[in-house]
Amino acid sequence: MDILTEKLIVIALFILIIHSIETLAYAVRLSGARVKLLASALSLFNVMVMVSRLANMMQQPFTGSLIDTAPGADTLAFVEQQFRVIIGFASLGTLVGILLLPTFVALFSRAIIHLSEERGSIPALFKKSLKMEYIKRGFKHIHMPSFAYLKGISWRDIPFKLFIINVLITAIYTIGVLSALYAALLAPERHATAMMSSGLINGVATILLIIFIDPKISILADDVINQRGSYLSLKRASVMMMGSRLLGTILAQLLFIPGAKYIAWFTQFMT
């Protein structure tokens, strides 16, 4: 049976979109600090987050159905290969987000200003963005990524503790659902318990992200707006976090099976 089914490709594209948007979340503060409208930037980005969450909700049932349609023979190996493709697209989506950073910052900065002019009306902003005049302007802000954008950024300035924490959190978040689904195959007698644990895993990863990562980046953005810090420092931190996120999705390939085995083992204490 072919690994790359039509359903798997659709799921992989959803994952690519989700991780691209979530990677570009680090660029929101760059745009907000650039135009000194951080609150407006975060409110506008909530729309993109909503799209990401909707895509995530849509793909989860389809991902679960991969187990139902797996062949009876060599089920574990077949599902593992399909899930590794999905994790690979998470890395690809993160890379796409990184490459889109300069373009996104430029376009989002203009969108924030227009949102302010429209007094916070998202529908009015969308209506304006569909006008040919603004579409043509948007194309002018498209920038091909280059090493010049990294000018002034040095690996020596990276807070490695924060870097490693984000790598681990991203890895856990990436495999949360997949490891739980695979654990259901490893422990079929507790499959429902294993599958439902994915929400707990992703919830913990999200809480860790909110506690350890987001506040530090937000403080840097506030410092730029209040002229207590430099825009370069914020850009350095944002690029660093994007890089750690990419490494996290790669690490997820190594943690996928051990994570599934741990969930399968742990479910015996929940029944």
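The values are calculated or read from the model by the stated rules, or taken from the named source; none is laboratory data. Keep in mind the model is a prediction, meaning the values are calculated, not measured. Here the Cβ positions follow ideal geometry from the backbone for every residue, glycine too, while neighbour counts run over all protein chains shown. The area values use the complete protein model at the heavy-atom level, side chains included, leaving out ligands, DNA and RNA. Shrake-Rupley method; radii C 1.70, N 1.55, O 1.52, S 1.80 Å.
Descriptive notes on the structure:
- Filtered residues of the stretch 88-109 (kept if open to solvent by 60 Å² or more (accessible area, probe 1.4 Å) and assigned to a helix (DSSP H, G or I)): 89, 92, 95, 99, 107
- Of all the residues in the stretch 170-203, those that are within 16 Å of the chain's Cα centre (by Cα) and of a type in the set (A, V, I, L, M, F, W, C) number 6.
- The set of residues in the stretch 122-133 being without any contact (Cβ under 8 Å) to a residue 60 or more places away in the chain, loosely packed, with under 14 Cβ neighbours inside 10 Å and either touching a Lys or Arg at 6+ places or on another chain (Cβ under 9 Å) or part of a helix (DSSP H, G or I) (or both) consists of 123, 126, 127, 132, 133.
- Any hit, the stretch 198-220, residues being outside any helix (DSSP H, G or I), farther than 21 Å from residue 56 by Cα and either at pLDDT below 80 or open to solvent by 30 Å² or more (accessible area, probe 1.4 Å) (or both): no
- Filter pass, residue 219 being on the phi < 0 side of the Ramachandran plot and out of contact with any helix residue (DSSP H, G or I) (no Cβ under 8 Å at 6 or more places or on another chain): yes
Residue-by-condition table, conditions (1) part of a helix (DSSP H, G or I); (2) buried (at least 19 other Cβ atoms within 10 Å of the Cβ); (3) within 17 Å of the chain's Cα centre (by Cα); (4) of a type outside the set (Val, Ile, Thr):
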site	(1), (2), (3), (4)
50	yes, no, yes, yes
70	no, no, no, yes
86	yes, yes, yes, no
111	yes, yes, no, yes
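- Only residues that are modelled with pLDDT under 75 and basic (Lys, Arg) were counted in the stretch 32-63, giving 1.
- Number of positions in the stretch 2-21 that are open to solvent by 30 Å² or more (accessible area, probe 1.4 Å) and part of a helix (DSSP H, G or I): 8
- Pair list, Cβ < 6 Å and 6+ apart or interchain, from the stretch 158-180 residues that are under 23 Å from residue 260 (Cβ atoms) to residues that are among the β-branched types (Val, Ile, Thr) and at pLDDT 90 or above: 174/249; 179/263; 180/263
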